[in-house]
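A short write-up of the structure that comes next.
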Amino acid sequence: MSLDIKSMNVYVPAKDFEMSKRFYTALGFELTEGWAGNFDCRLGNSLFRLQNYYVKDWANNFMLQFHVDDASAWYDHVKPIIETGDFGDARVSPPEAVVGDTIITHVVDPTGVLLIFIQ
């Protein structure tokens with residue numbers, strides 16, 4: 001008997017499903033329609049499922065952490081996307097140094113989900 005896990009999908013909430021799809025597409029994720037009208041969002045080796053479902057308390061406590069080569073480059077990439085004003089309450093914080101030489105950039109998507117880009 002094998003108990004290996006071959007993959008895992010995380011279901012991410014979306015308050016305004018169409019806006020969230022546009023936001024993740026603008027960030028560079030490839031969206032493909034998944035099961036029951038949800039969309040798989042893939043970038044490199046990362047995959048999550050965007051769902052047309054929203055509970056404020058859940059969304060505001062939901063986090064995704066992405067290990068990246070350059071957290072500052074992610075800030076430079078996301079900042080102009082946010083500045084268009086097309087994505088509601090989405091926001092990005094400048095990169096910050098934390099323990100050792102670790103750098104993180106925080107992005108909050110239009111629903112309130114926190115994306116942590118960590119280098």
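For this structure, a couple of remarks:
- Between the amide H of Val12 and those of Arg49, Leu50, Gln51, distances stay under 5 Å, these residues lying 5 or more places away or on another chain, with hydrogens modeled in the peptide plane.
- GNM result for the chain, Cα springs below 10 Å: residue of Ala97, Ala36, Ala73 fluctuating most strongly: Ala36
- Helical mean residue ellipticity (222 nm; -39500 (n - 2.57) per DSSP H run of 4+; nearest 500) of the chain: -6500 deg cm²/dmol
- Charge dipole of the chain about the Cα centre (unit charges at C-beta), most positive-ward option of Ala36, Val98, Ala14: Ala36
- Computed from phi, the 3J(HN,Hα) profile of the range 79-95 under the Karplus parametrisation 6.51, -1.76, 1.60 (θ = phi - 60°) reads 3, x, 5, 5, 5, 5, x, 7, 10, x, 8, 4, 8, 9, 10, x, x Hz, with x in place of Gly and Pro.
- Listed by chain and number, the lysines whose C-alpha is less than 28 Å from the C-alpha of Lys15, apart from same-chain residues fewer than 8 away, are Lys56, Lys79.
- Compared with the rule-of-thumb size 2.2 N^0.38 Å for a compact globular protein, the range 11-118 has a Cα radius of gyration ratio of 1.03.
- Candidate aspartates and glutamates for bridging to Lys6, where Cα separation is under 17 Å - those fewer than 8 sequence places away on the same chain excluded: Asp40
Every read-out reported here was derived from the displayed coordinates using simple, explicitly stated rules and does not represent laboratory data. The structure displayed is predicted, hence computed values, not measured ones. Neighbour counts are summed over all protein chains in view; Cβ atoms, including those assigned to glycine, are modelled from backbone coordinates with ideal geometry.
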